[in-house]
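The values are calculated or read from the model by the stated rules, or taken from the named source; none is laboratory data. Note that the structure is a prediction, hence the values are computed from the model and not measured. Here Cβ is always computed from backbone atoms with ideal geometry, including for glycine, and neighbour counts include all displayed protein chains. Side chains are part of the model used for accessible areas, which takes the heavy atoms of the whole protein and leaves out ligands, DNA and RNA. Shrake-Rupley method; radii C 1.70, N 1.55, O 1.52, S 1.80 Å.
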Amino acid sequence: MDETPQYDSASDDRDRDPAGRARNARPRDGLGRPLPYGSPGVERQPEGVPRSPGQSLAEAQRLLDAGMPFHAHEVLEDAWKAADEPQRALWRALAQLAVGLTHALRGNASGAASLLRRGAEGIDPYREAAPYGIDIAGLADWARELADHPGSAPGAPAPRLVGGA
(Lines give C-alpha, C1' and ligand atoms only; values in the text may rest on other atoms or scores of the structure.)
Protein backbone atom coordinates (compact mmCIF):
# COMPACT_ATOMS: atom_id res chain seq x y z
CA MET A 1 0.00 0.00 0.00
CA ASP A 2 1.30 3.45 -0.92
CA GLU A 3 1.99 5.46 2.26
CA THR A 4 2.76 8.68 0.37
CA PRO A 5 0.68 11.51 1.86
CA GLN A 6 -2.01 12.74 -0.47
CA TYR A 7 -2.21 16.41 -1.24
CA ASP A 8 -5.44 18.24 -1.91
CA SER A 9 -4.52 21.40 -3.81
CA ALA A 10 -8.01 22.81 -3.31
CA SER A 11 -7.50 22.96 0.46
CA ASP A 12 -4.23 24.90 0.45
CA ASP A 13 -3.15 27.72 -1.84
CA ARG A 14 0.50 27.70 -0.73
CA ASP A 15 3.24 26.64 -3.12
CA ARG A 16 3.65 22.87 -2.89
CA ASP A 17 5.56 20.20 -4.75
CA PRO A 18 3.73 17.10 -6.04
CA ALA A 19 4.23 15.32 -2.69
CA GLY A 20 2.69 18.25 -0.80
CA ARG A 21 5.91 19.62 0.69
CA ALA A 22 5.98 23.40 0.99
CA ARG A 23 7.96 25.14 -1.73
CA ASN A 24 8.20 28.85 -2.23
CA ALA A 25 7.76 29.59 -5.91
CA ARG A 26 7.94 33.35 -5.45
CA PRO A 27 10.56 34.99 -7.60
CA ARG A 28 13.77 35.98 -5.82
CA ASP A 29 16.31 38.73 -6.31
CA GLY A 30 20.04 38.14 -6.68
CA LEU A 31 20.43 37.94 -2.89
CA GLY A 32 17.65 35.39 -2.52
CA ARG A 33 15.06 37.81 -1.13
CA PRO A 34 11.49 36.99 -2.14
CA LEU A 35 9.86 39.36 -4.61
CA PRO A 36 6.13 39.82 -5.23
CA TYR A 37 4.49 37.17 -7.40
CA GLY A 38 4.71 38.13 -11.06
CA SER A 39 7.89 40.17 -10.61
CA PRO A 40 10.90 39.35 -12.74
CA GLY A 41 13.40 37.52 -10.60
CA VAL A 42 16.69 35.75 -10.80
CA GLU A 43 16.42 32.10 -11.74
CA ARG A 44 17.02 29.87 -8.74
CA GLN A 45 19.68 27.19 -8.71
CA PRO A 46 18.24 23.75 -9.33
CA GLU A 47 18.52 21.50 -6.28
CA GLY A 48 20.31 18.17 -6.16
CA VAL A 49 22.54 18.66 -9.19
CA PRO A 50 25.39 16.14 -9.03
CA ARG A 51 28.71 17.91 -9.52
CA SER A 52 32.31 17.02 -8.89
CA PRO A 53 34.04 19.09 -6.18
CA GLY A 54 35.78 21.11 -8.89
CA GLN A 55 32.52 21.76 -10.71
CA SER A 56 30.85 22.82 -7.45
CA LEU A 57 33.67 25.24 -6.67
CA ALA A 58 33.68 26.67 -10.20
CA GLU A 59 29.91 27.19 -10.24
CA ALA A 60 29.90 28.70 -6.75
CA GLN A 61 32.75 31.04 -7.76
CA ARG A 62 30.88 32.09 -10.91
CA LEU A 63 27.86 32.98 -8.79
CA LEU A 64 29.96 34.81 -6.19
CA ASP A 65 31.63 36.81 -8.96
CA ALA A 66 28.15 37.69 -10.31
CA GLY A 67 27.14 39.07 -6.90
CA MET A 68 24.83 36.14 -6.12
CA PRO A 69 26.15 34.56 -2.92
CA PHE A 70 22.71 33.18 -1.99
CA HIS A 71 22.76 31.13 -5.19
CA ALA A 72 26.38 30.11 -4.56
CA HIS A 73 25.29 28.83 -1.16
CA GLU A 74 22.72 26.59 -2.88
CA VAL A 75 25.46 25.02 -5.02
CA LEU A 76 27.69 24.53 -1.97
CA GLU A 77 24.75 23.09 -0.04
CA ASP A 78 24.25 20.48 -2.78
CA ALA A 79 27.92 19.52 -2.40
CA TRP A 80 27.50 19.36 1.38
CA LYS A 81 24.47 17.08 1.13
CA ALA A 82 26.25 14.79 -1.35
CA ALA A 83 29.59 14.62 0.48
CA ASP A 84 30.80 11.87 2.75
CA GLU A 85 32.49 12.56 6.06
CA PRO A 86 34.93 14.19 6.66
CA GLN A 87 34.29 16.39 3.59
CA ARG A 88 30.71 17.15 4.64
CA ALA A 89 31.87 19.63 7.31
CA LEU A 90 34.03 21.47 4.76
CA TRP A 91 31.15 21.98 2.32
CA ARG A 92 28.79 23.00 5.13
CA ALA A 93 31.29 25.64 6.27
CA LEU A 94 31.75 26.92 2.71
CA ALA A 95 27.95 27.23 2.39
CA GLN A 96 27.90 29.15 5.68
CA LEU A 97 30.47 31.60 4.29
CA ALA A 98 28.25 32.23 1.25
CA VAL A 99 25.20 32.77 3.47
CA GLY A 100 27.23 35.07 5.70
CA LEU A 101 28.14 37.16 2.67
CA THR A 102 24.47 37.15 1.66
CA HIS A 103 23.51 38.57 5.05
CA ALA A 104 26.27 41.19 4.85
CA LEU A 105 25.02 42.34 1.45
CA ARG A 106 21.43 42.41 2.75
CA GLY A 107 22.55 44.67 5.62
CA ASN A 108 22.10 42.08 8.39
CA ALA A 109 25.38 42.71 10.22
CA SER A 110 24.63 40.43 13.17
CA GLY A 111 23.62 37.44 11.02
CA ALA A 112 26.56 38.05 8.70
CA ALA A 113 29.10 38.13 11.53
CA SER A 114 27.71 34.97 13.12
CA LEU A 115 27.69 32.91 9.93
CA LEU A 116 31.04 34.19 8.69
CA ARG A 117 32.73 33.31 11.98
CA ARG A 118 31.04 29.89 12.07
CA GLY A 119 32.12 29.22 8.49
CA ALA A 120 35.71 30.31 9.20
CA GLU A 121 35.87 28.01 12.23
CA GLY A 122 34.42 25.20 10.10
CA ILE A 123 37.13 25.45 7.43
CA ASP A 124 40.03 25.99 9.84
CA PRO A 125 40.62 22.22 10.39
CA TYR A 126 41.42 21.90 6.67
CA ARG A 127 44.31 24.43 6.71
CA GLU A 128 47.07 21.81 6.85
CA ALA A 129 45.78 19.80 3.89
CA ALA A 130 43.48 22.08 1.90
CA PRO A 131 41.41 19.92 -0.44
CA TYR A 132 40.59 20.75 -4.07
CA GLY A 133 42.94 23.74 -4.12
CA ILE A 134 40.65 25.70 -1.78
CA ASP A 135 42.40 28.70 -0.27
CA ILE A 136 41.45 27.84 3.31
CA ALA A 137 43.73 30.41 4.95
CA GLY A 138 42.65 33.20 2.59
CA LEU A 139 38.97 32.40 2.98
CA ALA A 140 39.17 32.20 6.75
CA ASP A 141 41.01 35.53 6.92
CA TRP A 142 38.50 37.11 4.49
CA ALA A 143 35.55 35.80 6.53
CA ARG A 144 36.90 37.05 9.85
CA GLU A 145 37.70 40.47 8.40
CA LEU A 146 34.21 40.77 6.91
CA ALA A 147 32.67 39.53 10.18
CA ASP A 148 34.43 42.41 11.93
CA HIS A 149 33.30 44.92 9.25
CA PRO A 150 30.16 43.52 7.55
CA GLY A 151 29.30 46.94 6.13
CA SER A 152 32.32 46.70 3.84
CA ALA A 153 30.74 43.89 1.75
CA PRO A 154 28.96 46.05 -0.84
CA GLY A 155 31.42 46.94 -3.56
CA ALA A 156 34.11 44.59 -2.24
CA PRO A 157 35.43 41.89 -4.58
CA ALA A 158 34.01 38.39 -4.19
CA PRO A 159 36.07 35.96 -2.14
CA ARG A 160 38.23 33.52 -4.09
CA LEU A 161 37.45 29.91 -3.25
CA VAL A 162 40.43 28.44 -5.08
CA GLY A 163 43.83 30.06 -5.46
CA GLY A 164 44.63 33.43 -3.92
CA ALA A 165 41.94 35.27 -1.94
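If you go through the range 26-50 and keep only what is surrounded by fewer than 16 Cβ atoms within 10 Å (Cβ to Cβ) and under 15 Å from the mean Cα position of the chain (by Cα), you end up with Asp29, Arg33, Glu43, Arg44, Pro46, Glu47, Gly48, Val49. Applying the criterion of being part of a helix (DSSP H, G or I) and among the small types (Gly, Ala, Ser) to the residues of the range 71-89, the residue that is modelled with the lowest pLDDT is Ala82.
Checking each residue in the range 100-109 for being in a helix (DSSP H, G or I) and either of a type in the set (S, T, N, Q) or buried (at least 24 other Cβ atoms within 10 Å of the Cβ) (or both) picks out Gly100, Leu101, Thr102, Ala104. A single entry from Ala79, Ala66 fulfils the requirement of being open to solvent by 10 Å² or more (accessible area, probe 1.4 Å) and in contact with a Ser or Thr (Cβ under 9 Å, 6 or more places away or on another chain): Ala79. Scanning the range 84-99 for residues that are of a type in the set (Gly, Ala, Ser) and open to solvent by less than 10 Å² (accessible area, probe 1.4 Å) returns Ala93, Ala95, Ala98. Among the residues in the range 136-149, are any of a type outside the set (Lys, Arg), modelled with pLDDT of 95 or more, within 17 Å of Ala79 (Cβ to Cβ) and assigned to a loop (DSSP other than H, G, I, E, B)? Within the range 136-149, not a single residue is of a type outside the set (Lys, Arg), modelled with pLDDT of 95 or more, within 17 Å of Ala79 (Cβ to Cβ) and assigned to a loop (DSSP other than H, G, I, E, B). So which residues in the range 119-130 are within 19 Å of the chain's Cα centre (by Cα) and surrounded by fewer than 18 Cβ atoms within 10 Å (Cβ to Cβ), if there are any at all? Within the range 119-130, Glu121, Asp124 meet the criteria.
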